[in-house]
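Novice: The structure is given below, and queries will be raised subsequently.
The values are calculated or read from the model by the stated rules, or taken from the named source; none is laboratory data. Quantities reported herein were computed from a predicted structural model and do not represent experimental measurements. Reconstructed Cβ throughout: ideal geometry from the backbone, glycine too, with neighbour counts over all protein chains shown. Quick note on the areas: whole protein, heavy atoms, side chains included, nothing else; ligands and nucleic acids left out. Shrake-Rupley method; radii C 1.70, N 1.55, O 1.52, S 1.80 Å.
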Amino acid sequence: MNLTWLDNNSWLIELGEQRVLLDPWLRGKLVFGGAEWLFRAEHRQPQAIPEAIDAILLSQGLEDHAHPETLKALDLSIPVIASPNAAKVVRELNYTSVTELAHGEKHVLGDRLEIQAIPGSPIGPMLVENAYILRDHQAGTSLYYEPHGFHSEQLQQVEHIDVAISPMADIKIPLLGAILKGADSAAKLAQWIRPQVMLPSAAPGDTEYAGLLAKLLKAEGGPDVLRSRLTELGLSTKVMEPTPGERFSPAIDSLLQHS
């Protein structure tokens, strides 16, 4: 397994002989509903679009996961695996191969990489988007991803997962509460699935923020707090903080994969 963090929620996952581009925002501004006065984010140094992408994996239909400008810049023939809400976005952009995964459904890339959708983040009162479990059945390695820290209790029944990508801090709006959950939910996730490595999602590596909402957001927790919490819980999970654009291989002990 090799990973490249492309900043915020965006990752290149190399697993099971497949190169999967996850929730890419690599071009242009990030704005929700065209309201730049409310929220605007820009990369200080945008990451290059990776080459030889085998598939695009989208967890949500919101702009920070299914970013229209980035998706328009990619080859529209690249296969897309997406939540139902994100599938609508790429179909409107005329992508030619779209696989829509509802909770519990699976899709196999190549002959060894299985992608399973499970319940993820609630977006509004009637919509729950996707989290994903990726498994390389030949190598026996696995990865879990949920970008907002809303972890389904179904995870307590899954096999051990090697690498988990999840928020490690709470991002709160005063009087409204957390829009990203990480301070406590990341520790609970570690107790449930006992990953060897945890990596932060939604982390602002090299990004500038502006707008009213950006000024109101408050962060609590983070990787150092999580490390202390895991030590208190007696867990050996390693918390890593990758650098945007740097490809790395998480230190996974093959002897622990099936323990």
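Novice: Which number in (1) in a loop (DSSP other than H, G, I, E, B); (2) open to solvent by less than 50 Å² (accessible area, probe 1.4 Å); (3) farther than 21 Å from Gly33 by Cβ; (4) in contact with a Ser or Thr (Cβ under 8 Å, 6 or more places away or on another chain) marks the one condition that Thr96 misses?
Specialist: The single condition Thr96 does not satisfy is (2).
Novice: Next up: Could you figure out which of (1) out of contact with any helix residue (DSSP H, G or I) (no Cβ under 9 Å at 6 or more places or on another chain); (2) open to solvent by 40 Å² or more (accessible area, probe 1.4 Å) isn't true of Arg112?
Specialist: (2)
Novice: Next question. Do any residues in segment 119-133 that are farther than 16 Å from Ile161 by Cα and at pLDDT 90 or above have Cβ atoms under 7 Å from those of residues that are open to solvent by less than 60 Å² (accessible area, probe 1.4 Å) and of a type in the set (A, V, I, L, M), where the two are at least six apart or on different chains, and which pairs are they?
Specialist: As it stands, the answer is Pro119/Ala131; Gly120/Ala131; Glu129/Ile123; Asn130/Leu101; Asn130/Ala117, since those pairs meet every condition given.
Novice: Do we have any residue at all in segment 53-66 that's among the small types (Gly, Ala, Ser), touching a strand residue (DSSP E or B) at 6+ places or on another chain (Cβ under 9 Å) and more than 20 Å from Thr207 (Cβ to Cβ)? Talk me through it step by step, then tell me what you get.
Specialist: Going through segment 53-66, the residues among the small types (Gly, Ala, Ser) turn out to be 55, 59, 61, 66.
Narrowing further to those that are touching a strand residue (DSSP E or B) at 6+ places or on another chain (Cβ under 9 Å): 55, 59, 61, 66.
Filter once more, keeping what is more than 20 Å from Thr207 (Cβ to Cβ): 55, 61.
Yes - at least one qualifying residue is present in segment 53-66.
Novice: If you don't mind, there's one more thing I want to ask. Report whether or not Lys172 is modelled with pLDDT under 90 and not in a strand (DSSP E or B). Break it down into steps so the answer makes sense when it comes.
Specialist: On the way: modelled with pLDDT under 90: yes; not in a strand (DSSP E or B): no.
When the stated conditions are applied, Lys172 does not pass them.
Novice: How about segment 75-88: which of its residues are part of a loop (DSSP other than H, G, I, E, B), of a type outside the set (S, T, N, Q) and touching a strand residue (DSSP E or B) at 6+ places or on another chain (Cβ under 7 Å)?
Specialist: So the first thing to find is which residues in segment 75-88 are part of a loop (DSSP other than H, G, I, E, B), and the list is 75-79, 83.
When the remaining residues are screened for being of a type outside the set (S, T, N, Q), the result is 75-76, 78-79.
Correct list: Ile78, Pro79.
Novice: Further question: Can you go through Gly124, Gly149 and tell me which one is under 16 Å from Leu180 (Cβ atoms), of a type outside the set (D, E, K, R) and buried (at least 16 other Cβ atoms within 10 Å of the Cβ)? Steps first, answer last, please.
Specialist: Working: Gly124 fails: buried (at least 16 other Cβ atoms within 10 Å of the Cβ).
Result: Gly149 is the single residue among Gly124, Gly149 that is under 16 Å from Leu180 (Cβ atoms), of a type outside the set (D, E, K, R) and buried (at least 16 other Cβ atoms within 10 Å of the Cβ).
Novice: List every residue pair whose Cβ atoms sit under 7 Å apart, with the two residues 6 or more apart in sequence or on different chains, where the first one lies in segment 203-226 and is within 13 Å of Ala186 (Cα to Cα) and open to solvent by 70 Å² or more (accessible area, probe 1.4 Å) and the second, anywhere, is at pLDDT 75 or above and outside any loop (DSSP other than H, G, I, E, B).
Specialist: Short answer, once both residue conditions are applied: Glu220/Ala169; Glu220/Asp170.
Novice: For segment 1-58, list the strands (runs of 3 or more DSSP E) that sit wholly inside it and hold at least 2 residues that are closer than 27 Å to Glu114 by Cβ and open to solvent by less than 40 Å² (accessible area, probe 1.4 Å); which are they? Break it down into steps so the answer makes sense when it comes.
Specialist: Working: elements: 2-5, 11-15, 18-22, 40-43, 55-58.
Ranges flagged: 2-5, 11-15, 18-22, 55-58.
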